[in-house]
Amino acid sequence: MLGGSVSLFPPTRHSVLADLRGADAGRRRAAQEALATAYLRPVQTYLALRWRRSAEEAQELTQEFFRSVVERGLLEAYEPARARLRTYLRLCVDALVRNVETAARREKRGGGAVPISLEELPDEAGGASGESPEALFEREWRRSVFSLAMDRTRSQLLGQGKEQHWAVLEGYDLGRLDGGRPSYAQLAERLGISVTDVTNRLSQGRRRLREVTLEVLRELTLDEAEFREEARALLGVEVP
């Protein structure tokens, strides 16, 4: 749906990661919220499966993780050449849980907590051995990216008075009729427009969704090299 070649991109990037590292307090807060929105479900799911935490424990550890990202400056140590951002964050989650467990054992013995050690994070190729939780983390991340893009696309189209474009996109690509995807004719009848209008609006809506998805990816990557890699992996898009 969203694949294909793309030749035109905005000449500047707005990066959540750059804002997190910047001096503007307002932009930092907005960036923190954006990062949490994109990674909340992946982190909670990963904690539940990889570390066998209950739903309540996973929620608490997720909040602690995002506090650590801000307070400990974990993104300051992020190196795109070493791993993708989502891989790095997943490994930081592993480090946090190990620290929590170590602190709990030390408290029993009368000791104190230890800080997250970034030096102990392995390279991407040498990550955790269990494949299922890691694979689910990747799927939840993709779902988060598309969810953010869909919400933003909806707001843009409705804000521009293009309710039909959104209705067609939602009805055909997201909606189901009697257990299956509606045909163009069914959707045209439901919306009271022609089949030609359905195909045109669907094409335009998909194009907008693809553009917005790439915008989200730009915001969640640090540089153009990582952005191109993620665009290729997520959308099959080759960025020049």
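Computed from the coordinates by the stated procedures, all read-outs in this text should not be read as laboratory data. Quick caveat, the model's predicted, so the values are computed rather than measured. Cβ coordinates were reconstructed from backbone atoms using ideal geometry, including for glycine residues, and neighbour counts include every protein chain displayed.
With an 8 Å Cα cut-off and a minimum separation of 6 or more residues, compute the relative contact order for segment 172-221 in percent. Reported relative contact order: 22 percent.
What net charge do the residues around Asp197 carry, taking every other residue with its C-beta under 13 Å from that of Asp197, with Lys and Arg at +1 and Asp and Glu at -1? Here the count lands on +1. Compute the FRET efficiency between Glu170 and Arg106 as 1/(1 + (r/R0)^6), taking r as their Cβ-Cβ distance and R0 = 45 Å, and round to the nearest 0.05. That gives a FRET efficiency of 0.30.
What percentage of all Cα-Cα pairs in segment 40-111 are separated by more than 15 Å? Numbers along the way, then the final one.
Numbers: 1440 of 2556 pairs.
Above the 15 Å cut-off, segment 40-111 has 56 percent of its Cα pairs.
Sorting 75-85, 214-224, 141-151 by their mean Cβ neighbour count within 10 Å, with the most densely packed peptide first, gives 214-224, 141-151, 75-85.
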